[in-house]
Amino acid sequence: MQRKLTAIVAADVVDYCVHLGRDEIGTLTELNVLKQDVFGPAIQKHNGRIIRLMGDGSLLAFNSALGAVDFAMDVQESMARRQSEVSRTVPIEFRMGANLCDIIHQEDDIHGEGVNVAVRLEELAPPGGICLSHSIYLQTKSAVRENLLPIGERQLKNIADPVFVWRWHPKRSADGLDMPGTSPKRQRQFRGRQVLDPQVTALLVDLHMRSARLAVSDAFDQMLSDPDKGCGLTMEDIYRRLGHKLNIARAMLDPIFIQGVRDIRDSTVEFGETPQSMAAFISNVFDHANTSYAARLLPQIQTILQADEPALAKRVMFMNLAHGFMRQDMVPRVKSMIKFAFVETA
């Protein structure tokens with residue numbers, strides 16, 4: 001037996017028994033086609049391996065957290081495309097759960113609570129969607145944050161500790177808002193760089209932090225102005241509202257890119273071959289330092305909104321919370337980690 005950090009994906013067919021009852025032969029035939037045309041190529045592409053493969057579900061293991069999440073998203077996007085191409089009255093859909101955990105490998109099988117977490121997350125996922133544990137979110141958020149929404153801590157069946165869960169679906173949210181941390185995609189081709197003076201870079205960081213504080217304050221005031229004073233807001237609602245305001249605050253940094261940044265987790269490691277958005281970098285530093293923006297801040301905001309207190313008292317509680325989250329002591333560290341900043345010129 002051997003212990004190993006592994007990314008697990010659990011997948012299950014939605015309403016499998018219903019499909020069999022309607023068309024047993026057709027369902028089994030289509031599932032075999034999906035395994036060959038969709039699952040097989042995606043598993044190979046992302047270097048995964050099948051642990052268990054049952055009639056209505058499967059369990060897969062990946063050495064890379066990003067490989068596991070990319071696999072799940074690729075499959076669900078392929079399934080969404082097939083729905084518009086296949087003339088089946090009730091399309092086959094999958095739910096998926098993904099978790100990063102330390103598990104026991106024994107011959108061709110795996111064991112451990114983390115495997116059960118992936119299975120329980122799959123049960124929470126919407127048809128055609130994925131639920132991610134916070135552990136795998138932390139390792140993949142910079143690459144796949146778009147369309148991710150937090151649904152909060154969930155007490156999963158037969159799992160001792162609650163798990164903070166993120167939800168993803170290939171269909172973009174109805175409001176079309178970008179989530180916090182997403183950076184604008186550059187459409188133009190650039191030929192040169194105008195490097196900014198270090199004092200200007202430091203000033204931009206200070207201005208951004210001030211704008212972010214005003215943004216979250218404004219978002220909270222708008223929540224309090226709801227007819228129910230924000231008591232009925234879910235974590236997804238709070239996340240969207242904060243994200244919308246923070247994206248507006250980040251707009252001034254959209255043209256600014258940085259290079260030569262030291263890795264947040266290991267200050268001895270250098271990276272920066274690819275320019276990075278200054279706004280995304282600042283967001284990631286604070287997110288990491290606070291053990292995730294959503295996992296700590298959102299549940300506390302929801303608790304404040306639901307408290308039996310006057311609006312003024314709630315606002316004081318929120319400002320104390322925001323002050324602790326947006327740690328001023330992090331600002332010098334952010335500035336020191338930026339080797340140089342620049343704007344690109346045509």
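Summary of computed values
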{"quantity": "Tally, over region 184-211, of residues that are modelled with pLDDT of 85 or more and small (G, A, S)", "calculated": "2"}
{"quantity": "Qualifying positions in region 303-315 - over 17 Å from Q222 (Cβ atoms) and either of a type in the set (A, V, I, L, M, F, W, C) or not assigned by TED's automatic domain parsing to the domain that holds M209 (or both)", "calculated": "A307, A313"}
{"quantity": "Residues being crowded, with 21+ Cβ neighbours inside 10 Å, of a type in the set (A, V, I, L, M, F, W, C) and closer than 28 Å to T201 by Cα - total across region 232-248", "calculated": "2"}
{"quantity": "Single residue of region 308-342 satisfying the filter (part of a loop (DSSP other than H, G, I, E, B) and surrounded by 12 or more Cβ atoms within 10 Å (Cβ to Cβ)) that is nearest to the chain's Cα centre (by Cα)", "calculated": "M326"}
{"quantity": "Residue that is surrounded by the most Cβ atoms within 10 Å (Cβ to Cβ) [pool: residues in region 83-108 that are modelled with pLDDT of 80 or more and farther than 20 Å from I159 by Cα]", "calculated": "F94"}
{"quantity": "Restricting region 5-49 to residues that are outside any strand (DSSP E or B) and among the hydroxyl-bearing types (S, T, Y), the residue that is nearest to G129 (Cα to Cα)", "calculated": "Y16"}
{"quantity": "For T29: the one exception among (1) closer than 20 Å to H169 by Cα; (2) without any contact (Cβ under 8 Å) to a residue 40 or more places away in the chain; (3) not hydrophobic (A, V, I, L, M, F, W, C)", "calculated": "(1)"}
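The values are calculated or read from the model by the stated rules, or taken from the named source; none is laboratory data. Predicted model only: the values in this text are computed from it and were never measured. Glycine also receives a Cβ, built like all others from the backbone with ideal geometry; neighbour counts cover every protein chain displayed.
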